[in-house]
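Undergrad: Quick one: this structure, given as structure tokens, is what I'll be asking you about.
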Amino acid sequence: MSGISRAPRSAEGLSSTKDLKEALTGDRAARFVWLCNFEVEHRWARAYTGIPAVRGSATAATVQRMEELGALLAEPGDHLLLDRPLDAHYRRYAERTGLGAPTELVTRAPAAEGGTAAAVLDSPELLDRLRALARDGAFLMPMGASDRERRITELTGLRSAVPDAAVYERVNSKIYSRRTAAELGLRTIPGFCCETAGQLRHALEEGLREGDPVIVKDAYGVSGRGLVVLDSRKKADQLLRMVDRRARKTGDDALHVVVEAFLPKRFDLNYQFTVDRHGGVRLDFVKEALTAGGVHLGHVMPADLTAAQRDELAEAAERLGKRLFADGFFGIVGVDALLGADDLVYPVLEINARLNMSSYQGRVTELFGRSDGAALAKHYPLRLSAPVGFPALAEALGPLAEPPRDRDGLVVTCFGTVNAQATAADDAPAPFDGRLYAVLFAADRAGLAALDRRVTTALSRFDTTERTP
């Protein structure tokens, strides 16, 4: 399994999204209303106490705009819920790639704290449009389900393509991940599940005994949020004092975190499998994951694994999928794993039973990936002094902005995140941080590296990092 399919001549023959529709509904031609609700994990975390005073690195406005990643995952006959329209120039670009773009369903006002799902519930005209789609047999397809998504289906009659909110909440905890891996006999990273302050104290005493650093993760933390690295007894004591102080103040010492050792590794891995409504499990792909400080940066395809290592991941996927189905889950599952420096596969760092960043690359890699080639999915951070229009971006990229059919090139998978911080508030200061999401395609990894440098150079005309005093 290379991780990249041979590119068909047109998007008409793409199967990845059709395969998902069949797995979830039994109908490859089902019409989906997509909701890429990245904020859903905050809903799952509400009843679970994590690490005190941990701050995330990504701003809310940027995360909100990431919902536009769904534009290239959805099929042209589908609908995509958004809190503001796609940039018109980017939509024309998406259509020019041959992937097409779904019908946009835009909320009455931009999303606030509750994200697009909450904005949908506050948009009467949009709810009426969803009721019409429901009468035509459409399904709601969220990234993950919470009480808000359930309410949308109740108000509109849309059928849900996914399990209910309680199942999502239960199986997306990192505590669930560790316990499930252990129960299934899968190789696990040394560590502890902690549900009280006392258990955390014990875990840190044991984990730091050898003098090596440990990592503490909120059960529902994501992409670097709710994560702290402790490399000394002093730092551990500081965290424990904060936890104890909060417990005394609230009268509740409940805590939901995992503590894990750091293992020497060759690289991180991400693999995805799909569990259908009847419990069948299909391994979709295995990719190398690019991370820094627990924050996801991108993926490289195909992963540099032996056949035996791939077989081990396939076996893990099968066992995890059966267990998840027994616990009420069906749908897409992304699993973070790693390949140790000793070449041993650790198949479960955490289970993400929902759409994940790799999921959104499905149709793009299927159309443009070469069976014997390589691909790199990443975002380019930019420090901007003013908003950048898509035409200016395309001009800077030059020939690279053209669809990469049978040649090296890239596909822009999300443009809205470039200027998200500029529009976050009327008085937003300049410069601001932007991100451009793309998937790069080349004949091999050396070609990817060269292409990556070309893109970075092309985008540097907009970046003010070096010029900022």
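Undergrad: Please work out if Arg55 is under 22 Å from the mean Cα position of the chain (by Cα) and either more than 20 Å from Val222 (Cβ to Cβ) or at pLDDT below 95 (or both).
TA: In short, yes.
Undergrad: Residue by residue through the range 276-290, note down the ones that are buried (at least 18 other Cβ atoms within 10 Å of the Cβ) and either assigned to a strand (DSSP E or B) or β-branched (Val, Ile, Thr) (or both).
TA: Of everything in the range 276-290, those that are buried (at least 18 other Cβ atoms within 10 Å of the Cβ) and either assigned to a strand (DSSP E or B) or β-branched (Val, Ile, Thr) (or both) turn out to be Val281, Leu283, Asp284, Phe285, Val286, Lys287, Glu288, Ala289.
Undergrad: Among the residues of the range 199-236, count how many are aromatic (Phe, Trp, Tyr) and either modelled with pLDDT of 95 or more or touching a strand residue (DSSP E or B) at 6+ places or on another chain (Cβ under 6 Å) (or both).
TA: Qualifying residue count, the range 199-236: 0.
Undergrad: Moving on. Consider Val257 carefully, then state whether it is outside the structural domain of Glu315 (by TED's automatic domain parsing), surrounded by 15 or more Cβ atoms within 10 Å (Cβ to Cβ) and in contact with a Ser or Thr (Cβ under 9 Å, 6 or more places away or on another chain).
TA: When the stated conditions are applied, Val257 passes them.
Undergrad: From Leu239, Leu269, Leu263, grab the single residue that is of a type outside the set (Lys, Arg), in contact with a strand residue (DSSP E or B) (Cβ under 7 Å, 6 or more places away or on another chain), at pLDDT 95 or above and not in a strand (DSSP E or B).
TA: Exactly one of Leu239, Leu269, Leu263 is of a type outside the set (Lys, Arg), in contact with a strand residue (DSSP E or B) (Cβ under 7 Å, 6 or more places away or on another chain), at pLDDT 95 or above and not in a strand (DSSP E or B), namely Leu239.
Undergrad: Out of Pro85, Pro76, which single residue is closer than 28 Å to Phe432 by Cα and not assigned by TED's automatic domain parsing to the domain that holds Lys217?
TA: It is Pro85.
Undergrad: For the range 242-254, which residues satisfy the criterion of being assigned to a loop (DSSP other than H, G, I, E, B) and surrounded by 15 or more Cβ atoms within 10 Å (Cβ to Cβ)?
TA: The one that is assigned to a loop (DSSP other than H, G, I, E, B) and surrounded by 15 or more Cβ atoms within 10 Å (Cβ to Cβ): Asp253.
Undergrad: May I ask you to verify whether Glu350 is surrounded by fewer than 16 Cβ atoms within 10 Å (Cβ to Cβ) and not aromatic (Phe, Trp, Tyr)? If you could, list the steps in order and put the result at the bottom.
TA: Numbers: surrounded by fewer than 16 Cβ atoms within 10 Å (Cβ to Cβ): no; not aromatic (Phe, Trp, Tyr): yes.
Here the answer is no, as Glu350 does not meet what is asked.
Undergrad: Say whether the condition of being farther than 27 Å from Val63 by Cα, of a type in the set (A, V, I, L, M) and free of Cβ contacts under 8 Å to residues at least 12 places away in the same chain is met by at least one residue in the range 292-307.
TA: Looking through the range 292-307, at least one residue is farther than 27 Å from Val63 by Cα, of a type in the set (A, V, I, L, M) and free of Cβ contacts under 8 Å to residues at least 12 places away in the same chain.
Undergrad: Surrounded by fewer than 21 Cβ atoms within 10 Å (Cβ to Cβ) and aromatic (Phe, Trp, Tyr): does that describe Phe273?
TA: For Phe273, the condition - surrounded by fewer than 21 Cβ atoms within 10 Å (Cβ to Cβ) and aromatic (Phe, Trp, Tyr) - is not met.
Undergrad: Return yes or no: is Tyr176 among the aromatic types (Phe, Trp, Tyr), within 18 Å of Cys36 (Cβ to Cβ) and either within 22 Å of the chain's Cα centre (by Cα) or not assigned by TED's automatic domain parsing to the domain that holds Leu105 (or both)?
TA: On the way: among the aromatic types (Phe, Trp, Tyr): yes; within 18 Å of Cys36 (Cβ to Cβ): no; either within 22 Å of the chain's Cα centre (by Cα) or not assigned by TED's automatic domain parsing to the domain that holds Leu105 (or both): yes.
So Tyr176 fails the test.
Undergrad: Against the condition under 22 Å from Ala119 (Cα atoms), surrounded by fewer than 22 Cβ atoms within 10 Å (Cβ to Cβ) and in contact with a strand residue (DSSP E or B) (Cβ under 8 Å, 6 or more places away or on another chain), how does Thr49 come out, does it pass?
TA: Answer is no for this residue.
Undergrad: Continuing with the same structure: Could you tell me whether Tyr48 is in contact (Cβ under 8 Å) with a residue 60 or more places away in the chain and either farther than 24 Å from Pro403 by Cβ or in the same structural domain as Glu366 (by TED's automatic domain parsing) (or both)?
TA: In short, yes.
Undergrad: Right, Val229: assigned to a strand (DSSP E or B), aliphatic (A, V, I, L, M) and touching a Gly at 6+ places or on another chain (Cβ under 6 Å) or not?
TA: no
Undergrad: Quick one: in the range 3-38, of everything that is at pLDDT below 90 and not hydrophobic (A, V, I, L, M, F, W, C), which residue is farthest from Val243 (Cα to Cα)?
TA: This residue is Arg9.
Undergrad: Let me ask something else. What are the pairs with Cβ atoms under 9 angstrom where one residue, in the range 185-205, is over 15 Å from Leu255 (Cβ atoms) and the other, located anywhere, is aromatic (Phe, Trp, Tyr) and buried (at least 19 other Cβ atoms within 10 Å of the Cβ)? Sequence gap at least six, or different chains.
TA: Cβ pairs passing all conditions: Leu186/Tyr346; Arg187/Tyr346; Thr188/Tyr346; Ile189/Tyr346.
Undergrad: Report, by residue number, each residue of the range 210-235 that is closer than 28 Å to Val63 by Cβ and of a type in the set (S, T, N, Q).
TA: Selection gives Ser223 alone.
Undergrad: From the list Val418, Val439, which one is at pLDDT 95 or above, assigned to a loop (DSSP other than H, G, I, E, B) and of a type in the set (A, V, I, L, M, F, W, C)?
TA: From the options Val418, Val439, the qualifying one is Val418.
Undergrad: While we're looking at this one, here's another question. If you scan the range 293-342, which residues turn out to be touching an Asp or Glu at 6+ places or on another chain (Cβ under 9 Å) and farther than 28 Å from Cys36 by Cβ?
TA: Matches in the range 293-342: Asp304, Leu305, Thr306, Gln309, Leu339.
Undergrad: Given (1) more than 21 Å from Met66 (Cβ to Cβ); (2) crowded, with 20+ Cβ neighbours inside 10 Å; (3) under 22 Å from the mean Cα position of the chain (by Cα); (4) of a type in the set (A, V, I, L, M), where does Leu305 come up short, assuming only one miss?
TA: Failed condition: (3).
The values are calculated or read from the model by the stated rules, or taken from the named source; none is laboratory data. No experiment lies behind these values; they were computed from the predicted model shown. Quick reminder, even Gly has a Cβ in these numbers, built from the backbone with ideal geometry, and neighbours come from all protein chains shown.
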